[in-house]
Amino acid sequence: MAWTLISFVGFTILVAVISYLKTKGDDQTSAEGYFLAGRGLPGFVIAGSLLLTNLSGEQLVGSNGQTWLVGMSPMAFEIVAAPCCIMLALFAAPRYLKSGITTIPQLIGIRYDRSTKLCFSILYIVLALVVQIPVVLYSGSLVFENIFGLSGLLGITKFQAVIILCIAISVIGSIYAIFGGLKAVAVSDTVNGIGLLIGGLMIPFLGLYTLGKTANGGGIIEGWSYLVTNYSDKLNSLAPAQSSAPEVPWTVVFTGLLFLGFQSWCTNQSYIQRVLAAKNLKEAQKGALYCAALKILGFMYLCLPGVIALALFNLNGTEISMMDDAYPQLVSQVVPWPIMGFFAAVMFGAILSSFNSVLNSINTMFVMDIYRPFVNKEADDLKCVKVGKKVGVIFAVITTCVGPMLYYFPAGLKTFLDSLVMLAALPVLSAVFGGFFFKYLPKYTAKVILVFHIVFYGGFLLISPSYSLLGGGDGTIHYLYAVLILWPIELLIMFLLSRHNKVKNGAQAWVQEDVGAVDMTPWKYRKIAAIIILILVALVYIAFSPLGVGTWAYSQPW
C-alpha cells in the first residue's frame, strides 16, 4: 500500500514539475499567450493533448464494459476517430488557422453574425457547466473509487469518497487550466498521454498472460489462442444493422458515427483549441495525424480488455453485476501491486485531462466570445486574462458542487443528460462545415438549423422509437441513425437557403479572409500519412471481422 501511494504521488508530481518547467517564463499576460499558448505548440504536444482530451477514466471503464457485454463492435468509436482526425488535418485546420480564430463560436460570428455567436457560446457554456463537466467529474471520481477503493481505505461511504475525489480533480485540474493556461494543460496532457499508452497497453497483455496461465498454464500467446478459439464471436466488430446501443450497427460505422466524429474532432472547442494554438499549419497537421495513428491503437486498451475480462471471469468464477464493474475487476486481478500506483496516476491524469480541457475551453469562450465583444469592448489582453482566471474559479466551483449530486441520479437520467450535449454539438458542425461548403448563406441560417435540430433530435431522444416500427426487432433504434439522417438533411436545408439567397436576393459569395496569424505552409507528408492511416483502419477492421479472428454471433447478421 505504501509503495502504491508513493508511486502514485511521485508520477503525479513529475507531471506537475515537467509542466511547470516547460511553461516557466511564458507570457501569460496576453490573451493569445494565455488562451492559445502563444500559438507555439508543436505537433507532438498537440497530438498528446488531443488524445488525452478525448480520453477519460469513464471511457476506459465504459468502453471495456460495453465490449464485455456485447463484443467488439464499440471499437468503432476508436477506429473511426482516425479518419475524423484526417478531416481535421486536411480540411478544418487550414481554414481555422487562416481566420486566426481563438474559438469556434468566433468563426460562427465571422460567417454569420454576432448574435449567432453569442447564442452558440451561451448554449455551449451552459451545457458544459450543468452537464458535461459535472459528468466528467462524477464519472471520473466513481471510476477511481471503483478501481482503487478509496472509501474502504479511508473508512468512509462511497458518496463521501466521490465528493473527495471530485474536489481533488477540480482543484488540481483548475491549477493547470486556470493558472497555467492552455500550454500547461497541453504539456501535462502530453506527459500523461505517454503514461497512458504505457499503462493502458499493459492491461491487455497482462490480461492475456493471466488468461493463458489460468486456462492451461501458458502465457500471452496461449491466452490469445484461448480467446480466439472460445470467444471468436465476441471478437467480431461488425454488429447487425438492427442493433441497439451499446452495440454499433455496421451500417452506421462510416456514416452516422463518422458524422458524430466530425463534430467531436473538428468542431468541439475542447479539442480544436489545441490545433488553434499550433505554431503553424504544418505542426497542426502533424499533431492531428499523429493523434489519428494513436487512436487506431485505442481499441487495444479501450475495447479488447473487456473481452479478455469476459473469458477470464468465466474461467475463474468471478461474478459481476453490471458492465462497468468489468474493467475495475480485471485491473485488480492482473495488475501487479508494484505498478498499481503508476497505473492509478495514469488514470488520475486521464480524468484530470478531460476536466481541465473543457474548463479551459469554456473560460476561453466566455472571455473571447461574451466578455470582450459584449461586456467590455475596451478590455485589453491583461484584463481579459484576469477575467478568465476569475471566471474559471467560479466555473470550477459550480461544477464541483453539481458533480457529486449525479450520484443520486438514476443511470438512465445521467445518460440522458449526457446526450443533451448533442443538441448543440451537431448544429455547430452544420454551421461550421455548411458555412464553408455554401457561400451564399443568409445570416440567420445557423439559428434555423439549431432550432430544427433541437426539435427533431430532442424528439427522437424523448420518443426512443423501436425497430418494430420499421418491421424489425423490438430494440430501440440506435441514435446514430438519427445522426445519419439529420446531418444530411441539415446540409440540404443550408444548400437550399444558400441557393435561394443567391438567386432571389443576389447575395455576394462569402470569402474567407487570411489574417496571417501563422505560416500556412502545409506538411508535405500529410497525404501520404493520411493514406497509410486509412489502410491501417481497414486492416484493423478486417482483422476483427469474420474475415479475421471474429465470427458471426447472429443467424441473420445483415
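Here are the numbers for this structure:
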{"item": "From LEU462, LEU426, LEU496, residue being under 22 Å from ILE125 (Cα atoms) and aliphatic (A, V, I, L, M)", "result": "LEU426"}
{"item": "Test set (1) modelled with pLDDT under 90; (2) closer than 14 Å to LEU52 by Cα; (3) among the aliphatic types (A, V, I, L, M); (4) open to solvent by 10 Å² or more (accessible area, probe 1.4 Å) - MET340 fails condition number", "result": "(2)"}
{"item": "Residues that are open to solvent by less than 90 Å² (accessible area, probe 1.4 Å), of a type in the set (Val, Ile, Thr) and at pLDDT 70 or above, drawn from region 1-22", "result": "VAL9, THR12, VAL15, VAL17, ILE18"}
{"item": "Unmet requirement for GLY218, which otherwise passes all of (1) without any contact (Cβ under 8 Å) to a residue 24 or more places away in the chain; (2) in contact with a Ser or Thr (Cβ under 7 Å, 6 or more places away or on another chain)", "result": "(2)"}
{"item": "Subset of region 140-169 that is open to solvent by 10 Å² or more (accessible area, probe 1.4 Å) and of a type in the set (Ser, Thr, Tyr) - its residue that is farthest from the chain's Cα centre (by Cα)", "result": "THR157"}
{"item": "Scope region 327-365; condition more than 17 Å from GLU145 (Cα to Cα) and assigned to a loop (DSSP other than H, G, I, E, B); matching residues", "result": "PRO336"}
{"item": "Matching residues in region 326-335 - criterion: being farther than 11 Å from THR210 by Cα and open to solvent by 50 Å² or more (accessible area, probe 1.4 Å)", "result": "GLN329, SER332"}
{"item": "Residue match in region 201-211 (condition: without any contact (Cβ under 8 Å) to a residue 12 or more places away in the chain and open to solvent by 10 Å² or more (accessible area, probe 1.4 Å))", "result": "no"}
{"item": "Positions within region 100-114 being of a type in the set (D, E, K, R) and farther than 11 Å from ASP369 by Cβ, in sequence order", "result": "ARG111, ASP113"}
{"item": "Tally, over region 103-117, of residues that are touching a Gly at 6+ places or on another chain (Cβ under 8 Å), crowded, with 24+ Cβ neighbours inside 10 Å and of a type in the set (Val, Ile, Thr)", "result": "1"}
{"item": "Count of residues meeting criterion [hydroxyl-bearing (Ser, Thr, Tyr), part of a helix (DSSP H, G or I) and under 18 Å from the mean Cα position of the chain (by Cα)] in region 29-66", "result": "3"}
{"item": "Test: residue in region 492-509 that is open to solvent by 90 Å² or more (accessible area, probe 1.4 Å), of a type in the set (A, V, I, L, M, F, W, C) and closer than 23 Å to ILE86 by Cα", "result": "no"}
{"item": "Pairs, first over 15 Å from ILE172 (Cβ atoms) in region 386-399, second surrounded by 14 or more Cβ atoms within 10 Å (Cβ to Cβ), C-beta under 6 Å, six or more apart", "result": "VAL387/VAL367; VAL387/TYR371; GLY388/ASN363; GLY388/VAL367; LYS389/ILE178; VAL391/PHE366; ILE398/LEU129"}
{"item": "Residue count for region 451-467, restricted to those that are among the small types (Gly, Ala, Ser), exposed (fewer than 14 other Cβ atoms within 10 Å of the Cβ) and either over 17 Å from SER244 (Cβ atoms) or in contact (Cβ under 8 Å) with a residue 24 or more places away in the chain (or both)", "result": "1"}
{"item": "Any pair with Cβ under 8 angstrom, 6 or more apart, that starts in region 361-377 at a residue that is open to solvent by 50 Å² or more (accessible area, probe 1.4 Å) and ends at one that is in a loop (DSSP other than H, G, I, E, B)", "result": "ARG372/ALA379"}
{"item": "Verdict on LYS158 being at pLDDT 80 or above, of a type in the set (Lys, Arg) and under 28 Å from CYS401 (Cβ atoms)", "result": "yes"}
{"item": "Complete set of residues in region 495-520 that are in a loop (DSSP other than H, G, I, E, B), over 21 Å from ILE108 (Cβ atoms) and more than 28 Å from the chain's Cα centre (by Cα)", "result": "GLY506, GLY516"}
{"item": "Yes/no for PHE120 being in contact (Cβ under 8 Å) with a residue 12 or more places away in the chain, part of a helix (DSSP H, G or I) and buried (at least 23 other Cβ atoms within 10 Å of the Cβ)", "result": "yes"}
{"item": "Output for region 301-326, where each listed residue is in a loop (DSSP other than H, G, I, E, B) and under 22 Å from SER354 (Cα atoms)", "result": "CYS303"}
{"item": "Among residues of region 47-74, those that are over 15 Å from VAL248 (Cβ atoms) and touching a strand residue (DSSP E or B) at 6+ places or on another chain (Cβ under 7 Å), counted", "result": "0"}
{"item": "The lone exception for GLN66 - which of (1) modelled with pLDDT under 85; (2) open to solvent by 40 Å² or more (accessible area, probe 1.4 Å); (3) not aliphatic (A, V, I, L, M) it fails", "result": "(1)"}
{"item": "Residues located in region 382-441, provided they are open to solvent by 50 Å² or more (accessible area, probe 1.4 Å), of a type in the set (S, T, N, Q) and modelled with pLDDT of 90 or more", "result": "none"}
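To keep it simple, each residue is scored yes or no on (1) within 11 Å of the chain's Cα centre (by Cα); (2) of a type outside the set (A, V, I, L, M, F, W, C); (3) assigned to a helix (DSSP H, G or I); (4) modelled with pLDDT under 95.
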{"residue": "GLN263", "(1), (2), (3), (4)": "yes, yes, yes, yes"}
{"residue": "ILE272", "(1), (2), (3), (4)": "no, no, yes, yes"}
{"residue": "GLU283", "(1), (2), (3), (4)": "no, yes, yes, no"}
{"residue": "ALA288", "(1), (2), (3), (4)": "no, no, yes, no"}
{"residue": "PHE299", "(1), (2), (3), (4)": "no, no, yes, yes"}
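So that you can scan it fast, the table gives a plain yes or no per residue for (1) open to solvent by 10 Å² or more (accessible area, probe 1.4 Å); (2) among the β-branched types (Val, Ile, Thr); (3) free of Cβ contacts under 8 Å to residues at least 40 places away in the same chain:
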position	(1), (2), (3)
THR255	yes, yes, no
SER264	yes, no, no
ALA278	no, no, no
TYR301	no, no, no
LEU310	yes, no, no
GLU319	yes, no, yes
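The values are calculated or read from the model by the stated rules, or taken from the named source; none is laboratory data. Please read all numbers here as calculations on a predicted model, not as lab measurements. Using ideal geometry, Cβ is built from the backbone for each residue, glycine included, and neighbour counts are taken over all protein chains shown. Quick note on the areas: whole protein, heavy atoms, side chains included, nothing else; ligands and nucleic acids left out. Shrake-Rupley method; radii C 1.70, N 1.55, O 1.52, S 1.80 Å.
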